[in-house]
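Undergrad: Provided herewith is a single structure, encoded as C-alpha cells, for subsequent inquiry.
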Amino acid sequence: MDTSLFRESLTNSIRYWEKMRIAYNAVLVLVVAGCFAVSYSTAAAKFDVNMFLVTVLLGILANVAYCAAYIVDVAVQMSGFRENWARYRWVLFSIGMIFASILARFMALGNFGKN
C-alpha cells in the first residue's frame, strides 16, 4: 500500500466530508424541527429531559453513521477511479442524506407523535 497515496486520499476525504457535515446536520435539524412543529401539541407535552437526551443521542449516532462515507471515499480515491470520483462524490452524499433524513423523520415522529 502506498502510504503517501493513502495520506493524500484521507486528507482529501476529510477536507470534503467535514465541509459537507454542516449541510448534513442542518438538514437533519430541519427534519426533526419540522416533525416537532407538525406534532407540537403532543410533542410539547411529552418533551422532557429524557426526550432531549434521546434526541441528542440520535444526533450523535447520525454523525457516527456519517463517517461511513470516509471508508467508501478513501477506497475509491485509492483506486483507478480517482479522477472520476471527484465529480460524482455528491451522489454518495445525496444518497446518504436522503437515507438519514428518512430515518430522522421516522425516529422524530415516533418520539414526538401520538402514542
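Undergrad: Please find, among Phe52, Phe47, the residue that is aromatic (Phe, Trp, Tyr) and either surrounded by fewer than 12 Cβ atoms within 10 Å (Cβ to Cβ) or touching a His at 6+ places or on another chain (Cβ under 8 Å) (or both). Steps first, answer last, please.
TA: Details: Phe47 fails: either surrounded by fewer than 12 Cβ atoms within 10 Å (Cβ to Cβ) or touching a His at 6+ places or on another chain (Cβ under 8 Å) (or both).
None of the other options fit; the residue is Phe52.
Undergrad: So, one more: Check every one of the helices (runs of 4 or more DSSP H) wholly within segment 27-115 and list those with 1 or more residues that are acidic (Asp, Glu). Quick ask: steps written out before the conclusion?
TA: Values: elements: 40-46, 49-66, 68-77, 82-112.
The helices (runs of 4 or more DSSP H) meeting that bar are 68-77, 82-112.
Undergrad: Here is a follow-up. State which residue is nearest to Val74 (Cα to Cα) when the search covers only segment 16-50 and only residues that are modelled with pLDDT under 95 and among the charged types (D, E, K, R).
TA: Looking at residues that are modelled with pLDDT under 95 and among the charged types (D, E, K, R), I get Asp48.
Undergrad: What is the number of the single condition among (1) farther than 28 Å from Thr3 by Cβ; (2) surrounded by 14 or more Cβ atoms within 10 Å (Cβ to Cβ); (3) over 13 Å from the mean Cα position of the chain (by Cα); (4) of a type outside the set (Ser, Thr, Tyr) that Met78 does not meet?
TA: (1)
Undergrad: Follow-up. Of a type in the set (D, E, K, R) and either under 20 Å from Glu18 (Cβ atoms) or touching a strand residue (DSSP E or B) at 6+ places or on another chain (Cβ under 7 Å) (or both) - does that describe any residue in segment 89-111?
TA: Step one: of segment 89-111, the residues of a type in the set (D, E, K, R) are 89, 105.
So of that shortlist, the ones also either under 20 Å from Glu18 (Cβ atoms) or touching a strand residue (DSSP E or B) at 6+ places or on another chain (Cβ under 7 Å) (or both) come out as 89.
The answer is yes, given that some residue of segment 89-111 is of a type in the set (D, E, K, R) and either under 20 Å from Glu18 (Cβ atoms) or touching a strand residue (DSSP E or B) at 6+ places or on another chain (Cβ under 7 Å) (or both).
The values are calculated or read from the model by the stated rules, or taken from the named source; none is laboratory data. Given the structure is predicted, the values throughout are model-derived calculations rather than measurements. All Cβ positions, even for glycine, are placed from backbone atoms using ideal geometry, and neighbour counts span all protein chains on display.
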